[in-house]
Structure formats: structure tokens, C-alpha cells
Amino acid sequence: MTQKLVIAVCTAQRPKMLQACLESLDNLIQPEKAELSIVVVENDPQPHFTGKAADDLKARLSLPVFFHHESRKGIPFARNTALEAALEHVPDWVALIDDDERAEPDWIEKLLAACTQHQAEVANGPVRRIYEKPAPHWWKSQLLKSRPTGTVITEAPTNNILLSARIISKNGLGLRFDERLTFGSEDIDFFRRTHVAGAKMIWVDDAFVEEDIPASRVTTGRLLSRMHMAATSGAFNMVLREGRLKAALHFIPKSTRRMFFGLLATVIGFVIKPFARKRGEKLFYYGLIRLMKGSGNLRGLFGRAHNYYDVIDGH
């Protein structure tokens, strides 16, 4: 019996990266007895791929591609439109990949085989990052660590994922991304709820995608802003799921510790930097990151949105 598999890509103002992503999807090894198609959701006031631009791109690809437009600005709006667009094709499986990524030829084959072997409904794989410019020496990578394929997980991002259509279909769990989380963590929240609903989620250690990291994304200001955004959205997520009081009891002591020790590390790092530059810088920025996380947690408790995603990195 043939299985239908729809790959969904959300994009905004990055037509060149999107084209590279779609070309990589077109080169996928097609799993046995599987039918592949692609849906693209442009999250721009005016879509780029309409008319001749869309027709030209479709003509270069062998897989069927369907373009959709979501004018409401925000990642969860685009992701939910992508899920609805995918369901129009009555799929058995839906995969998600970011527009700044390229899939390895065996990517979808590995994810699907792992789900079959381990009787799972969600499979998440690793991302190999390709930096246009090296990140600063003090920056610690946020990549997920390697682990055996089949390891059960309780949360996941959307940058390399395959999920059973049951999770999003109206006759199944009917889950959607929370549209209040417009400034991050909407994917982690979605898959936490997927896990709580009883779906088995696994890690697939050899299902790789590559992500292009533009130089603009590894500037000091951008990296610190990302940490602030992640802390803001994490705290706000807890407010939504467990209430403001419980979130406050958790995050106020945590953010206080973060800011106190962050300030201490920043001062010490600044003092020793003239004598031991690398060690001083590492301690200085470690302190700044803790300050960003602490202040971000407090910002999230009050539900104040973050503007990190207002800036588009890449092309």
C-alpha cells in the first residue's frame, strides 16, 4: 500500500535559500511505496513565488510543489497554514524542514524507516550547521547531542522532523501550534503536547539536514538577542501551560540567580581581559548570556513579546 508523505516548508524573504532547500528535497531517495509532495508557505505581506516565478520553479523540480500564502506575520501562523495545506493532500506522514536547510538524499528514508522499526509517530534528526563565518570562540553551540537511533524523546524542534498525520488530523489528535507563541518555542511546545498526548517520539541519529548560518546570525548582538528570546519564550510558555503564579515561583528565583552570577562573571571577565584576553572574554560573555537569560525570563513572565524574528538572516 502506497503511503503519502508531504514535506512542508515555511519561508519568509529568503527565495535563494528556499530554492536550495527545494532542490535538495527534489533529490531525495524516494522510500519504497511512498508518494512525495511539497507544500511551501510564504509568510510575507506579498508572496514572492506567484505566477511565472512559481511556474518556473515548479518546472525545474520533479516532485509536485504547492505554494500557499500566510499574510499574518509570525512563525506559528505559517506553521499552522503549512499543516492545513499538507492535510489537503490526505497524507499518512508530514515532514517539516526549515527554508535555510538542505536535506541529505536519504533524509526522509531514514526518518520513515526509523518510525516503522520503532513503531513511533514522530522522528527528529540532527542538523549539521555550515557557518559562513565562524562563531566567536566564547559561543557554545546549541545543537542537540548525538544519541542512538530509537531513543525516546519528549520534545523536539521543527527543523528536522517527521510526524504521523494522526497527530494533526481532525480525526486524530488535531494538534496545532499555539499562535500566542509568536516569538519562539512554538515548536518545542507543540511536541511537548504531542508527547503528553501519548504519541511515541524518537531520535534518528543519521537522518541529517544541513543548515546555512549567515555571518549576520553570529554577530555578538544577534547571539545575545537569541539567548534573550529563548529565555523570554520559555518563561512565557510556562505561563501559558501552568499559570503565571507557578511560572513566577519557578523563574523569579532562577532569573535572580542568573542575573546575580551573570553580573559577577561579567565584571570579573572585564577585569581579567587585559591580562588573559581569551579567558576574560569567555567569562565576560558567559556573564552577559546569563544576564540575557535572567532578564528574558522576567520579560516572559509578563508576556512581553520579543522581536528577534523581525530580522531575517539570509537571502
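Residues in region 121-131 that are part of a loop (DSSP other than H, G, I, E, B) and in contact with a helix residue (DSSP H, G or I) (Cβ under 7 Å, 6 or more places away or on another chain): 121, 125.
Regarding region 102-117, can at least one residue be identified that is assigned to a strand (DSSP E or B), among the charged types (D, E, K, R), within 15 Å of the chain's Cα centre (by Cα) and closer than 30 Å to residue 290 by Cβ? Before the answer, list the steps.
Narrowing region 102-117 to residues assigned to a strand (DSSP E or B): 102-103.
Pick out the ones that are also among the charged types (D, E, K, R) and you get 102.
Next cut, within 15 Å of the chain's Cα centre (by Cα) only: 102.
Narrowing the set further to residues that are closer than 30 Å to residue 290 by Cβ leaves none.
Taking every residue of region 102-117 in turn, none turns out to be assigned to a strand (DSSP E or B), among the charged types (D, E, K, R), within 15 Å of the chain's Cα centre (by Cα) and closer than 30 Å to residue 290 by Cβ.
If you check residue 245 against the conditions, is it outside the structural domain of residue 127 (by TED's automatic domain parsing), touching a Gly at 6+ places or on another chain (Cβ under 8 Å) and surrounded by fewer than 20 Cβ atoms within 10 Å (Cβ to Cβ)? Write out each step before concluding.
On the way: outside the structural domain of residue 127 (by TED's automatic domain parsing): yes; touching a Gly at 6+ places or on another chain (Cβ under 8 Å): no; surrounded by fewer than 20 Cβ atoms within 10 Å (Cβ to Cβ): yes.
No: the conditions fail for residue 245.
Just for region 170-183: of the residues that are surrounded by fewer than 17 Cβ atoms within 10 Å (Cβ to Cβ) and either of a type in the set (Lys, Arg) or out of contact with any Lys or Arg (no Cβ under 6 Å at 6 or more places or on another chain) (or both), which one is nearest to residue 301 (Cα to Cα)? Before you say what the answer is, go through the steps one by one.
Taking region 170-183 and keeping what is surrounded by fewer than 17 Cβ atoms within 10 Å (Cβ to Cβ), we get 170-172, 174, 176, 179-180.
Going one step further and asking which of them are either of a type in the set (Lys, Arg) or out of contact with any Lys or Arg (no Cβ under 6 Å at 6 or more places or on another chain) (or both), we end up with 170-171, 174, 176, 179-180.
Numbers: 170: 32, 171: 35, 174: 28, 176: 23, 179: 17, 180: 14 Å.
By that ranking, first place goes to 180.
The residues listed here are 220, 194; of these, the one that is surrounded by fewer than 16 Cβ atoms within 10 Å (Cβ to Cβ) and hydroxyl-bearing (Ser, Thr, Tyr) is 220.
If you take just the helices (runs of 4 or more DSSP H) that sit entirely in region 1-92, which of them hold at least 1 residues that are in contact with a strand residue (DSSP E or B) (Cβ under 9 Å, 6 or more places away or on another chain), assigned by TED's automatic domain parsing to the domain that holds residue 174 and closer than 15 Å to residue 108 by Cβ? I'd like the intermediate steps shown before the answer.
Details: elements: 15-26, 51-60, 75-87.
Result: 15-26, 75-87.
Scanning region 8-24 for residues being acidic (Asp, Glu) and buried (at least 18 other Cβ atoms within 10 Å of the Cβ) gives a total of 0. Restricting region 61-115 to residues that are more than 19 Å from residue 188 (Cα to Cα), out of contact with any Leu (no Cβ under 9 Å at 6 or more places or on another chain) and of a type in the set (Asp, Glu), the residue that is modelled with the lowest pLDDT is 70. Can you confirm whether residue 165 is within 14 Å of the chain's Cα centre (by Cα) and either farther than 21 Å from residue 93 by Cβ or surrounded by 16 or more Cβ atoms within 10 Å (Cβ to Cβ) (or both)? The answer is no for residue 165. Based on this model, can you work out whether residue 197 counts as among the small types (Gly, Ala, Ser) and over 18 Å from the mean Cα position of the chain (by Cα)? Considered against the rule, which asks whether it is among the small types (Gly, Ala, Ser) and over 18 Å from the mean Cα position of the chain (by Cα), residue 197 comes out as yes.
The values are calculated or read from the model by the stated rules, or taken from the named source; none is laboratory data. Keep in mind the model is a prediction, meaning the values are calculated, not measured. Quick reminder, even Gly has a Cβ in these numbers, built from the backbone with ideal geometry, and neighbours come from all protein chains shown.
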